[in-house]
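Engineer: To start, I am sharing the structure in question, which I have written as structure tokens.
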Amino acid sequence: MLVTADEMEYDYQKDTVAAVGNVQIYYDGSTLEANRVVFDRKANMLVAEGNVRMKQKDGKIVTADNLQLTQDFKEGFVASLRLDTPEKTHFTAARADRQQGNVTVFQNGTYTACEPCKDDPSKPPLWQVRAKKIIHNEDQQMVYYQDATVEFFGFPVAWFPYMSSPDPTVKRKTGFLMPEFLSSSQLGYGVGTPFFWNIAPDRDMTITPTYLTQQGLLMQGEWRQRLINGSYTIRAAGIIQQDKDAFLNVYSNGVVEPLPGYRDERGAVQSSGAFAINQFWTIGWDATLVSDRTFLRDYNLVPLSKTEQVSTAYLTGQGDRSYFDLRGLYFLGLSVTDDQDRLPIVGTLNYNKVFDKALWGGESGVKVNLTTLSRDQADFIGTSAATSAVGAIGVPTGACTLANPNARECLLRGAPGDYTRLSAELYWRKTVTDSIGQMWTPFVSARVDVASVNVSPLPLSYSYGPIFPGQNPLQSGSEDLIRAMPAVGLDYRYPFISAESWGTQTIEPRAQIIIRPNETAIGEFPNEDAQSLVFDDTNLFEISKYSGWDRVEGGGRANVGLTYTAAIHGAGLFTAVIGQSYSLFGKNSYAYGDMANTGLESGLETGASDYIARFSYSPTKNLELTTRFRFDDANFSMQRFELQGRAEVDRLQVSAIYGRYEAQPLLGFYERREGILTNGSYKLTDNWSVKGAVRYNIGQDAFDYTLLGLSYIDDCFTLAFNYITDYTLNGPNAPPDTKVTVRIGLRTLGEGGFSTSFGGD
């Protein structure tokens with residue numbers, strides 16, 4: 001022990017030694033500072049007085065008016081104490097006793113993980129636990145509270161006769177977590193008390209029994225384990241429902257309809273994992289097995305906005321110039337209106353390889369895709385929501401089934417039966433820049449597709465709309481198919497760059513010509529992965545504008561366009577793209593519909609396509625506006641328009657997208673679709689923020705999605721409130737799903753919350 005002080009006083013009669021003035025004592029990694037320290041040799045006791053500050057070996061800092069310890073600092077008591085830990089947590093007490101070298105008992109103490117107010121340290125912290133007795137056992141790494149009250153801003157909000165929590169040094173500890181509260185019209189009121197079991201450093205388990213007043217006991221469990229080369233989790237939930245009649249729909253005319261949840265026993269098992277085989281290969285899975293498709297949503301086990309659960313198992317490999325992905329996919333629809341028989345089971349293999357050695361000075365490579373899928377029943381238009389840039393607006397009407405074969409147009413979103421296709425494409429391209437800056441890119445590709453198709457019976461009236469010579473509607477029965485598509489072309493660009501006093505501008509005309517034969521077997525190959533065709537600036541110069549492998553563009557085509565960019569000093573960046581595509585010879589693939597009529601009314605089905613344009617302006621990095629247009633080539637009427645913007649102004653962040661899409665009857669959209677989706681957040685203070693989102697269907701003059709959120713976050717406390725309303729999952733004329741959630745987190749103590757849902761079914 002090393003002692004330094006202004007004076008040393010010896011009292012031989014009392015057998016005491018006193019260090020007086022700026023006392024500092026160093027012992028075994030601990031430091032004691034005080035105005036006066038007296039060592040009683042007979043009692044083997046140290047007494048520190050006045051501005052006492054002791055920094056312990058583990059980093060804890062104790063401040064007090066008076067402190068009494070044994071000579072080795074292990075046992076003693078502290079009066080008017082404050083203990084600050086390295087984890088930025090704080091204890092205070094009128095008195096503290098140190099026992100057995102590892103237990104501290106705080107009498108009439110408080111505990112908080114909040115820092116004191118800088119302007120007024122005497123002000124109560126945002127939250128604290130005040131207890132008659134707080135016991136900190138360092139060996140057990142636990143803090144126990146007796147007769148405890150939780151206070152916010154000095155006001156009591158909850159009382160517990162007994163509670164405990166891990167001490168601030170603990171990251172994982174066996175024990176109960178913060179409770180979860182919920183309520184809904186079908187479940188009643190409920191409370192779940194999670195129990196966390198820290199089995200070992202590499203594994204743990206959480207068990208959550210949740211009692212629901214209307215349905216009984218819901219049991220949930222989650223197992224997590226990390227291994228040398230990866231990790232996995234297993235989650236399970238189950239319940240024997242006490243009131244399954246809560247999942248009956250009773251209509252005003254007295255008709256009663258059972259919902260998917262109308263059953264005694266319900267449950268789900270989910271698992272996910274990923275393991276690295278070596279530095280190149282990874283294997284993994286994410287699987288879900290449920291008793292019925294709405295269980296996860298009914299019991300608040302997935303977010304309200306989630307419309308499907310995708311189970312997958314995969315094997316991926318990543319090389320320097322290659323990529324391999326093999327996976328199986330199972331789609332579980334979570335909506336009341338979903339029909340699982342119409343959703344496919346899919347297997348895919350994708351392989352891309354860029355050859356290491358240059359061929360004739362250019363890049364060459366191969367792309368391979370294998371797709372196999374199976375579907376029990378045909379997925380006709382009207383059974384699923386349409387998609388657009390705004391979201392689920394303009395849902396097509398008229399369902400075509402075997403029982404209702406005459407409902408407007410019987411367009412297939414998915415063919416019933418089995419379908420397997422193997423596609424492979426070789427390509428080569430090289431860019432040459434001549435002496436005046438022109439960029440010439442010749443390219444060559446050759447693609448082959450082979451398929452085995454086994455289509456189940458289809459309605460007699462199933463049709464594509466207009467039937468053209470050479471178009472073969474999908475037929476019931478089995479067939480083996482093959483098609484090939486070679487292509488050769490040239491891409492030309494000539495950028496003109498001008499540097500002016502006001503900034504820099506670039507004008508780049510671009511032209512592309514592609515020579516290839518006609519597409520064959522149009523309609524005979526089921527189109528499962530190439531239905532989302534949107535003709536705009538992003539695919540103007542694509543060799544094939546289809547989004548997947550099931551369709552391939554054929555015939556001669558020319559794509560032309562002009563890009564303009566201006567970087568203006570002090571005024572930002574402006575870009576513009578305009579262009580058009582021309583069918584030069586042979587069959588125009590986009591004029592021949594497949595089972596979903598993909599290509600028709602896309603703007604590409606005529607000899608000269610519609611005009612496309614994009615204009616974007618960004619005056620600063622925090623503000624951007626982008627518009628996209630598609631104009632009819634005959635009369636310049638606007639067929640498609642999108643306006644998108646984002647802005648960040650001080651504490652405000654806003655984004656919005658407006659979409660207007662003209663009717664496309666041959667695709668099942670019989671009316672104009674128009675809507676707007678907005679998102680915004682505003683930081684009220686450094687800690688408080690609000691957010692909101694609205695989706696408005698202009699065509700139907702109705703809101704179909706709203707979100708309102710309020711949150712608070714600082715170094716010791718989090719609060720999140722969300723109000724969500726969604727109209728898109730429960731079918732026509734059904735009330736919306738509405739959910740309110742509140743989450744509260746206290747640093748070092750845990751996080752809990754409350755949720756309530758109503759409406760929907």
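Engineer: Do we have any residue at all in the range 281-296 that's crowded, with 18+ Cβ neighbours inside 10 Å, touching a helix residue (DSSP H, G or I) at 6+ places or on another chain (Cβ under 7 Å) and either within 25 Å of residue 372 (Cβ to Cβ) or small (Gly, Ala, Ser) (or both)?
Structural biologist: yes
Engineer: Turning to a different aspect of this structure: With the range 1-79 as the region, which strands (runs of 3 or more DSSP E) entirely inside it contain at least 1 residues that are in contact with a Leu (Cβ under 8 Å, 6 or more places away or on another chain) and either buried (at least 19 other Cβ atoms within 10 Å of the Cβ) or touching a residue at least 40 places away in the same chain (Cβ under 8 Å) (or both)?
Structural biologist: By residue number, 16-27, 30-40, 45-55, 61-70.
Engineer: OK, next. Can you say whether residue 649 is closer than 28 Å to residue 565 by Cα, out of contact with any Gly (no Cβ under 9 Å at 6 or more places or on another chain) and surrounded by fewer than 17 Cβ atoms within 10 Å (Cβ to Cβ), as far as the supplied structure shows?
Structural biologist: Judged against the criteria, residue 649 is a match.
Engineer: Among the listed residues 752, 659, identify the single one that is open to solvent by less than 40 Å² (accessible area, probe 1.4 Å), small (Gly, Ala, Ser) and under 30 Å from residue 189 (Cα atoms).
Structural biologist: It is 752.
Engineer: In the range 193-205, which residues are among the aromatic types (Phe, Trp, Tyr) and either open to solvent by 30 Å² or more (accessible area, probe 1.4 Å) or in contact (Cβ under 8 Å) with a residue 60 or more places away in the chain (or both)?
Structural biologist: Scanning the range 193-205 gives 195, 197.
Engineer: May I pose another question? Which ones in the range 338-372 are free of Cβ contacts under 8 Å to residues at least 12 places away in the same chain and not charged (D, E, K, R)?
Structural biologist: Residue satisfying the conditions is 358 alone.
Each row is one residue, and each column tells you yes or no for (1) part of a strand (DSSP E or B); (2) under 30 Å from residue 247 (Cβ atoms); (3) free of Cβ contacts under 8 Å to residues at least 12 places away in the same chain.
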site: 104; (1), (2), (3): yes, no, no
site: 111; (1), (2), (3): yes, no, no
site: 139; (1), (2), (3): no, no, no
site: 148; (1), (2), (3): yes, no, no
site: 157; (1), (2), (3): yes, no, yes
site: 163; (1), (2), (3): yes, no, no
site: 183; (1), (2), (3): yes, yes, no
site: 186; (1), (2), (3): no, yes, no
site: 191; (1), (2), (3): yes, yes, no
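Engineer: Looking at 640, 630, 614, which one is part of a strand (DSSP E or B), open to solvent by less than 30 Å² (accessible area, probe 1.4 Å), touching a strand residue (DSSP E or B) at 6+ places or on another chain (Cβ under 8 Å) and modelled with pLDDT of 95 or more?
Structural biologist: Of the residues listed, the single one that is part of a strand (DSSP E or B), open to solvent by less than 30 Å² (accessible area, probe 1.4 Å), touching a strand residue (DSSP E or B) at 6+ places or on another chain (Cβ under 8 Å) and modelled with pLDDT of 95 or more is 630.
Engineer: Identify, please: which residue in the range 248-268 is under 29 Å from residue 287 (Cβ atoms) and small (Gly, Ala, Ser) and is, among those, nearest to the chain's Cα centre (by Cα)?
Structural biologist: 268
Engineer: Could you go through the range 701-719 and let me know if any residue there is within 30 Å of residue 582 (Cα to Cα) and outside any strand (DSSP E or B).
Structural biologist: no
Engineer: Sort through 147, 245 and tell me the only one that's more than 29 Å from the chain's Cα centre (by Cα), open to solvent by 30 Å² or more (accessible area, probe 1.4 Å), modelled with pLDDT of 90 or more and farther than 30 Å from residue 89 by Cβ.
Structural biologist: Exactly one of 147, 245 is more than 29 Å from the chain's Cα centre (by Cα), open to solvent by 30 Å² or more (accessible area, probe 1.4 Å), modelled with pLDDT of 90 or more and farther than 30 Å from residue 89 by Cβ, namely 245.
The values are calculated or read from the model by the stated rules, or taken from the named source; none is laboratory data. On a predicted model such as this, the values are computed, not experimentally measured, just so you know. Because the Cβ atoms are built from the backbone with ideal geometry, glycine has one as well, and the counts that use them run over all protein chains shown. Accessible surface areas use protein heavy atoms only, side chains included; no ligands, DNA or RNA. Shrake-Rupley method; radii C 1.70, N 1.55, O 1.52, S 1.80 Å.
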